[in-house]
1. In the chain, carbon and sulfur make up what percent of the accessible area (probe 1.4 Å)?
2. Toward the positive end of the charge dipole of region 143-208, about the Cα centre and with charges on Cβ (Lys, Arg +1; Asp, Glu -1), which of Ser204, Val154, Thr193 goes farthest?
3. Run the numbers on region 203-290 and let me know its relative contact order in percent, using alpha-carbon pairs under 8 Å that are six or more apart.
4. If you average the C-alpha positions of region 224-301 and of region 1-27 separately, how far apart do those two centres end up, in angstrom?
5. Please check: in the Gaussian network model of the chain (C-alpha springs, under 10 Å), which one of Asp170, Asp72, Asp276 has the largest mean-square fluctuation.
6. About the Cα centre, and with charges only on the beta carbon of Lys, Arg (+1) and Asp, Glu (-1), how big is the dipole of the chain? Nearest 20 debye, please.
7. So for the pair Gln286, Leu162, with labels modelled 7 Å out along Cα→Cβ, what separation do we get in nm?
8. Given 0.36 nm per residue, what is the gain on full extension from Leu103 to Ser204 after removing their alpha carbon distance, in nm?
Amino acid sequence: MQKRVLSGIQPSGELTLGNYLGALRRWVSMQDKNESYFCIVDLHAITEPQDPQDLRRRTRDIAALYLAAGLDSAKSIIFVQSHVRAHSELGWILNCMTPMGWLERMTQFKDKVAKGSAERVSVGLFDYPVLMAADILLYQAHLVPVGDDQRQHVEFTRDVALRFNHRFGDTFTIPEPLIGDTGARIMSLSDPTKKMSKSDEDPSGTIALLDPPELVRRKIMRAKTDSGTEPRFDDERPGITNLLEIFSALTGKSRAETEAHFAGRGYGDVKRELADATITALEPLQREHQRYTDDPAELDRELRKGCERASVVAEQTLRDVQEKVGLR
Ligand code: AQP
(Lines give C-alpha, C1' and ligand atoms only; values in the text may rest on other atoms or scores of the structure.)
Protein backbone atom coordinates (compact mmCIF):
# COMPACT_ATOMS: atom_id res chain seq x y z
CA MET A 1 0.00 0.00 0.00
CA GLN A 2 1.21 3.50 -0.82
CA LYS A 3 1.82 5.69 2.20
CA ARG A 4 0.23 9.11 2.40
CA VAL A 5 2.67 11.94 3.01
CA LEU A 6 1.92 15.52 4.03
CA SER A 7 4.18 18.46 4.66
CA GLY A 8 4.18 22.23 4.29
CA ILE A 9 6.20 25.40 4.61
CA GLN A 10 4.91 28.71 5.91
CA PRO A 11 5.33 31.82 3.74
CA SER A 12 6.82 33.74 6.67
CA GLY A 13 9.96 34.81 4.81
CA GLU A 14 12.02 33.99 1.73
CA LEU A 15 12.70 30.24 1.49
CA THR A 16 16.16 29.32 2.70
CA LEU A 17 18.71 26.66 1.96
CA GLY A 18 17.60 25.10 5.29
CA ASN A 19 14.03 24.77 4.00
CA TYR A 20 15.37 23.27 0.77
CA LEU A 21 17.73 20.69 2.30
CA GLY A 22 15.56 19.90 5.32
CA ALA A 23 12.24 19.76 3.48
CA LEU A 24 11.70 20.53 -0.19
CA ARG A 25 14.45 18.40 -1.70
CA ARG A 26 13.38 15.41 0.37
CA TRP A 27 9.78 15.80 -0.70
CA VAL A 28 10.76 15.62 -4.36
CA SER A 29 12.44 12.27 -3.77
CA MET A 30 9.34 10.94 -1.97
CA GLN A 31 6.64 11.79 -4.47
CA ASP A 32 7.18 8.80 -6.79
CA LYS A 33 6.50 6.19 -4.14
CA ASN A 34 3.82 7.89 -2.04
CA GLU A 35 0.52 9.70 -2.26
CA SER A 36 1.81 13.14 -1.39
CA TYR A 37 0.23 16.40 -0.23
CA PHE A 38 2.44 19.48 -0.12
CA CYS A 39 1.01 22.80 0.98
CA ILE A 40 2.00 26.37 1.59
CA VAL A 41 0.74 26.99 5.10
CA ASP A 42 -0.31 30.62 4.91
CA LEU A 43 -2.68 30.32 7.90
CA HIS A 44 0.35 29.41 9.97
CA ALA A 45 2.29 32.39 8.62
CA ILE A 46 -0.30 34.86 9.96
CA THR A 47 0.30 33.67 13.53
CA GLU A 48 2.97 36.39 13.35
CA PRO A 49 2.49 39.82 11.76
CA GLN A 50 2.77 39.76 7.95
CA ASP A 51 2.55 42.53 5.41
CA PRO A 52 -0.44 41.50 3.20
CA GLN A 53 1.33 42.26 -0.10
CA ASP A 54 4.46 40.36 0.98
CA LEU A 55 2.38 37.44 2.17
CA ARG A 56 0.57 37.17 -1.17
CA ARG A 57 3.81 37.46 -3.15
CA ARG A 58 5.69 34.95 -0.99
CA THR A 59 2.87 32.42 -1.14
CA ARG A 60 3.10 32.47 -4.93
CA ASP A 61 6.90 32.51 -4.86
CA ILE A 62 6.97 29.43 -2.67
CA ALA A 63 4.43 27.64 -4.87
CA ALA A 64 6.67 28.41 -7.85
CA LEU A 65 9.71 27.15 -5.92
CA TYR A 66 7.90 23.91 -5.07
CA LEU A 67 7.34 23.31 -8.77
CA ALA A 68 10.80 24.58 -9.71
CA ALA A 69 12.42 22.17 -7.25
CA GLY A 70 10.69 19.27 -8.97
CA LEU A 71 7.37 18.74 -7.21
CA ASP A 72 5.08 17.59 -9.97
CA SER A 73 1.32 18.05 -9.86
CA ALA A 74 0.92 14.83 -11.84
CA LYS A 75 2.37 12.99 -8.83
CA SER A 76 1.62 15.24 -5.84
CA ILE A 77 -1.18 17.46 -4.65
CA ILE A 78 0.22 20.98 -4.30
CA PHE A 79 -2.00 23.59 -2.70
CA VAL A 80 -2.35 26.63 -0.47
CA GLN A 81 -3.67 25.80 3.01
CA SER A 82 -6.18 28.67 3.30
CA HIS A 83 -7.78 27.68 -0.03
CA VAL A 84 -9.05 24.48 1.65
CA ARG A 85 -11.44 25.66 4.35
CA ALA A 86 -11.53 22.32 6.16
CA HIS A 87 -8.14 23.18 7.77
CA SER A 88 -9.65 26.01 9.82
CA GLU A 89 -12.78 24.03 10.64
CA LEU A 90 -10.98 20.92 11.85
CA GLY A 91 -8.48 23.14 13.66
CA TRP A 92 -11.32 24.64 15.72
CA ILE A 93 -12.80 21.25 16.61
CA LEU A 94 -9.38 19.95 17.68
CA ASN A 95 -8.82 23.14 19.72
CA CYS A 96 -11.80 22.23 21.81
CA MET A 97 -10.31 18.84 22.61
CA THR A 98 -6.69 19.81 23.32
CA PRO A 99 -5.50 20.52 26.86
CA MET A 100 -3.71 23.87 27.23
CA GLY A 101 -0.92 22.11 29.12
CA TRP A 102 0.07 20.20 25.98
CA LEU A 103 0.58 23.45 24.09
CA GLU A 104 2.46 25.07 26.94
CA ARG A 105 5.14 22.42 26.60
CA MET A 106 5.94 23.19 22.94
CA THR A 107 9.54 24.35 22.72
CA GLN A 108 9.15 26.29 19.45
CA PHE A 109 6.48 28.46 21.08
CA LYS A 110 8.64 28.98 24.15
CA ASP A 111 11.61 29.96 21.94
CA LYS A 112 9.53 32.46 20.00
CA VAL A 113 8.08 33.97 23.18
CA ALA A 114 11.58 34.27 24.58
CA LYS A 115 12.53 36.39 21.53
CA GLY A 116 9.61 38.84 21.79
CA SER A 117 7.39 40.25 24.49
CA ALA A 118 4.55 38.04 25.76
CA GLU A 119 2.09 40.90 25.06
CA ARG A 120 2.81 40.73 21.35
CA VAL A 121 2.49 36.95 21.01
CA SER A 122 -0.82 35.97 19.37
CA VAL A 123 -3.17 33.23 20.52
CA GLY A 124 -2.66 31.81 17.01
CA LEU A 125 1.05 31.31 17.64
CA PHE A 126 0.29 29.47 20.86
CA ASP A 127 -2.25 27.37 18.99
CA TYR A 128 -0.04 26.72 15.94
CA PRO A 129 0.47 22.99 16.70
CA VAL A 130 -3.29 22.35 16.71
CA LEU A 131 -3.67 23.79 13.22
CA MET A 132 -0.69 21.70 12.14
CA ALA A 133 -2.40 18.63 13.59
CA ALA A 134 -5.50 19.48 11.52
CA ASP A 135 -3.33 19.80 8.37
CA ILE A 136 -1.89 16.33 8.89
CA LEU A 137 -4.99 14.50 10.14
CA LEU A 138 -7.32 15.81 7.41
CA TYR A 139 -5.40 13.79 4.83
CA GLN A 140 -4.90 10.75 7.07
CA ALA A 141 -1.16 11.12 6.49
CA HIS A 142 1.09 8.25 7.56
CA LEU A 143 4.34 10.18 7.20
CA VAL A 144 5.30 13.78 7.83
CA PRO A 145 8.75 14.64 6.46
CA VAL A 146 10.07 17.52 8.56
CA GLY A 147 13.32 18.89 9.90
CA ASP A 148 14.41 18.03 13.39
CA ASP A 149 12.88 21.27 14.74
CA GLN A 150 9.35 20.09 13.92
CA ARG A 151 9.55 16.64 15.52
CA GLN A 152 7.77 17.76 18.68
CA HIS A 153 4.80 19.10 16.68
CA VAL A 154 4.31 15.78 14.90
CA GLU A 155 4.47 13.98 18.23
CA PHE A 156 1.84 16.39 19.51
CA THR A 157 -0.32 15.54 16.46
CA ARG A 158 -0.07 11.86 17.35
CA ASP A 159 -1.29 12.60 20.87
CA VAL A 160 -4.22 14.64 19.54
CA ALA A 161 -5.19 11.85 17.12
CA LEU A 162 -4.89 9.09 19.73
CA ARG A 163 -7.02 11.06 22.17
CA PHE A 164 -9.71 11.69 19.54
CA ASN A 165 -9.73 8.05 18.38
CA HIS A 166 -9.98 6.88 21.96
CA ARG A 167 -12.99 9.08 22.64
CA PHE A 168 -14.89 8.83 19.33
CA GLY A 169 -13.64 5.61 17.75
CA ASP A 170 -11.17 5.03 14.95
CA THR A 171 -11.06 8.25 12.94
CA PHE A 172 -7.51 9.42 12.29
CA THR A 173 -4.42 7.68 11.00
CA ILE A 174 -1.60 8.08 13.53
CA PRO A 175 1.23 9.88 11.67
CA GLU A 176 4.95 9.48 12.09
CA PRO A 177 7.64 12.14 11.68
CA LEU A 178 10.22 11.38 9.05
CA ILE A 179 13.46 13.14 9.91
CA GLY A 180 16.24 13.02 7.33
CA ASP A 181 19.82 12.26 8.31
CA THR A 182 21.49 14.92 6.20
CA GLY A 183 20.25 18.49 6.05
CA ALA A 184 17.89 17.93 8.99
CA ARG A 185 19.17 20.99 10.77
CA ILE A 186 21.05 23.64 8.83
CA MET A 187 22.36 26.39 11.08
CA SER A 188 22.68 30.15 10.60
CA LEU A 189 25.87 31.30 8.86
CA SER A 190 26.27 34.25 11.23
CA ASP A 191 25.35 32.40 14.43
CA PRO A 192 25.85 28.65 13.97
CA THR A 193 24.30 27.91 17.36
CA LYS A 194 20.83 28.74 16.02
CA LYS A 195 19.03 27.27 13.03
CA MET A 196 18.87 29.01 9.67
CA SER A 197 15.38 30.53 9.59
CA LYS A 198 13.52 32.35 6.87
CA SER A 199 12.16 34.92 9.34
CA ASP A 200 15.61 35.70 10.77
CA GLU A 201 16.09 39.46 10.82
CA ASP A 202 19.79 39.13 10.06
CA PRO A 203 20.02 38.34 6.30
CA SER A 204 23.72 37.45 6.54
CA GLY A 205 22.85 34.25 8.40
CA THR A 206 20.58 32.80 5.73
CA ILE A 207 20.96 31.80 2.11
CA ALA A 208 17.67 32.54 0.38
CA LEU A 209 16.90 30.22 -2.54
CA LEU A 210 16.46 33.25 -4.77
CA ASP A 211 19.67 35.04 -3.67
CA PRO A 212 21.80 35.91 -6.72
CA PRO A 213 25.09 33.95 -7.05
CA GLU A 214 27.35 36.80 -5.95
CA LEU A 215 25.36 37.32 -2.78
CA VAL A 216 25.44 33.58 -2.02
CA ARG A 217 29.23 33.62 -2.39
CA ARG A 218 29.63 36.70 -0.22
CA LYS A 219 27.48 35.28 2.59
CA ILE A 220 29.35 31.95 2.61
CA MET A 221 32.79 33.56 2.49
CA ARG A 222 31.80 35.69 5.53
CA ALA A 223 30.24 32.79 7.45
CA LYS A 224 31.32 32.66 11.07
CA THR A 225 33.90 29.99 11.90
CA ASP A 226 36.23 29.40 14.84
CA SER A 227 39.99 29.96 14.97
CA GLY A 228 40.83 26.32 14.12
CA THR A 229 42.30 25.30 10.79
CA GLU A 230 41.47 21.65 10.19
CA PRO A 231 38.04 21.13 8.56
CA ARG A 232 36.23 18.36 10.42
CA PHE A 233 32.86 17.71 12.05
CA ASP A 234 33.14 18.68 15.70
CA ASP A 235 30.34 19.67 18.11
CA GLU A 236 32.73 22.10 19.76
CA ARG A 237 33.14 23.93 16.43
CA PRO A 238 29.60 24.57 15.18
CA GLY A 239 30.58 27.04 12.42
CA ILE A 240 32.81 24.77 10.35
CA THR A 241 30.62 21.77 11.20
CA ASN A 242 27.62 23.57 9.71
CA LEU A 243 29.51 24.42 6.50
CA LEU A 244 30.67 20.82 6.13
CA GLU A 245 27.11 19.63 6.85
CA ILE A 246 25.73 21.81 4.06
CA PHE A 247 28.48 20.66 1.70
CA SER A 248 27.75 17.04 2.51
CA ALA A 249 23.99 17.53 1.99
CA LEU A 250 24.52 19.30 -1.35
CA THR A 251 27.06 16.88 -2.79
CA GLY A 252 25.67 13.63 -1.38
CA LYS A 253 29.04 12.84 0.26
CA SER A 254 28.99 11.18 3.66
CA ARG A 255 30.60 12.92 6.64
CA ALA A 256 33.70 10.73 6.32
CA GLU A 257 33.96 11.42 2.58
CA THR A 258 33.54 15.14 3.20
CA GLU A 259 36.34 15.16 5.79
CA ALA A 260 38.55 13.13 3.45
CA HIS A 261 37.77 15.57 0.60
CA PHE A 262 39.03 18.53 2.67
CA ALA A 263 41.89 16.72 4.45
CA GLY A 264 45.02 18.85 4.64
CA ARG A 265 43.17 21.94 3.39
CA GLY A 266 41.92 25.08 5.16
CA TYR A 267 38.57 26.71 6.03
CA GLY A 268 38.92 29.04 3.02
CA ASP A 269 38.84 26.04 0.67
CA VAL A 270 35.69 24.75 2.37
CA LYS A 271 33.99 28.10 1.91
CA ARG A 272 35.03 28.44 -1.75
CA GLU A 273 33.87 24.94 -2.68
CA LEU A 274 30.70 25.30 -0.68
CA ALA A 275 29.87 28.55 -2.48
CA ASP A 276 30.40 26.81 -5.85
CA ALA A 277 28.26 23.82 -4.85
CA THR A 278 25.45 26.07 -3.54
CA ILE A 279 25.39 28.28 -6.62
CA THR A 280 25.32 25.20 -8.87
CA ALA A 281 22.43 23.69 -6.90
CA LEU A 282 20.39 26.91 -6.92
CA GLU A 283 20.87 27.78 -10.60
CA PRO A 284 18.23 25.40 -12.10
CA LEU A 285 15.82 26.21 -9.29
CA GLN A 286 16.08 29.94 -9.94
CA ARG A 287 15.71 29.42 -13.70
CA GLU A 288 12.53 27.34 -13.31
CA HIS A 289 11.15 29.75 -10.72
CA GLN A 290 11.52 32.56 -13.26
CA ARG A 291 9.47 30.55 -15.76
CA TYR A 292 6.49 30.51 -13.36
CA THR A 293 6.99 34.18 -12.55
CA ASP A 294 6.74 34.92 -16.27
CA ASP A 295 3.57 32.83 -16.60
CA PRO A 296 1.33 33.57 -13.58
CA ALA A 297 -1.71 31.95 -15.22
CA GLU A 298 0.10 28.60 -15.25
CA LEU A 299 0.77 28.90 -11.51
CA ASP A 300 -2.90 29.79 -10.90
CA ARG A 301 -3.98 26.67 -12.79
CA GLU A 302 -1.66 24.48 -10.75
CA LEU A 303 -2.91 25.89 -7.44
CA ARG A 304 -6.58 25.66 -8.44
CA LYS A 305 -6.13 22.03 -9.42
CA GLY A 306 -4.32 21.29 -6.14
CA CYS A 307 -7.05 22.94 -4.08
CA GLU A 308 -9.78 20.94 -5.81
CA ARG A 309 -8.04 17.63 -5.27
CA ALA A 310 -7.09 18.35 -1.65
CA SER A 311 -10.62 19.56 -0.83
CA VAL A 312 -12.20 16.26 -1.83
CA VAL A 313 -10.11 14.31 0.69
CA ALA A 314 -10.22 16.98 3.41
CA GLU A 315 -14.01 17.37 3.24
CA GLN A 316 -14.47 13.64 3.68
CA THR A 317 -12.46 13.58 6.92
CA LEU A 318 -14.11 16.75 8.19
CA ARG A 319 -17.60 15.35 7.61
CA ASP A 320 -16.71 12.18 9.50
CA VAL A 321 -15.35 14.22 12.44
CA GLN A 322 -18.38 16.52 12.49
CA GLU A 323 -20.69 13.52 12.63
CA LYS A 324 -18.72 11.87 15.40
CA VAL A 325 -18.66 14.93 17.64
CA GLY A 326 -22.36 15.67 17.06
CA LEU A 327 -22.17 18.65 14.73
CA ARG A 328 -24.20 16.95 12.02
N1 AQP B 1 17.47 25.28 9.22
C2 AQP B 1 16.75 24.26 8.81
N3 AQP B 1 17.34 23.07 8.56
C4 AQP B 1 16.62 22.01 8.13
N5 AQP B 1 15.30 22.05 7.93
C6 AQP B 1 14.66 23.21 8.17
N7 AQP B 1 13.39 23.59 8.08
C8 AQP B 1 13.27 24.87 8.43
N9 AQP B 1 14.46 25.38 8.76
C10 AQP B 1 15.35 24.37 8.61
C11 AQP B 1 12.31 22.71 7.64
O12 AQP B 1 11.60 23.41 6.63
C13 AQP B 1 10.22 23.19 6.79
C14 AQP B 1 9.57 24.54 6.91
O15 AQP B 1 8.88 24.70 8.04
P16 AQP B 1 8.04 25.99 8.39
O17 AQP B 1 8.06 27.00 7.33
O18 AQP B 1 6.70 25.52 8.80
O19 AQP B 1 8.67 26.57 9.66
P20 AQP B 1 10.00 26.49 10.37
O21 AQP B 1 10.41 25.11 10.67
O22 AQP B 1 9.86 27.38 11.57
O23 AQP B 1 10.97 27.09 9.28
P24 AQP B 1 11.76 28.45 9.35
O25 AQP B 1 12.47 28.63 8.06
O26 AQP B 1 12.60 28.51 10.58
O27 AQP B 1 10.60 29.50 9.41
P28 AQP B 1 10.31 30.64 10.44
O29 AQP B 1 11.53 31.50 10.43
O30 AQP B 1 9.11 31.34 9.91
O31 AQP B 1 10.08 30.03 11.80
C32 AQP B 1 10.05 22.26 7.98
O33 AQP B 1 9.98 20.92 7.53
C34 AQP B 1 11.31 22.49 8.75
O35 AQP B 1 11.67 21.40 9.57
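The values are calculated or read from the model by the stated rules, or taken from the named source; none is laboratory data. Quantities reported herein were computed from a predicted structural model and do not represent experimental measurements. Every residue, glycine among them, receives a Cβ derived from its backbone with ideal geometry; neighbour counts consider all protein chains shown. Surface accessibility is based on the protein's heavy atoms, side chains included, excluding ligands, DNA and RNA. Shrake-Rupley method; radii C 1.70, N 1.55, O 1.52, S 1.80 Å.
1. Here it works out to 49 percent.
2. After comparing all options, I get Val154.
3. It rounds to 34 percent for region 203-290.
4. Cα centres, region 224-301 to region 1-27: 18 Å.
5. Asp170
6. 320
7. 4.7
8. Extra length available between Leu103 and Ser204 comes to 33.1 nm.
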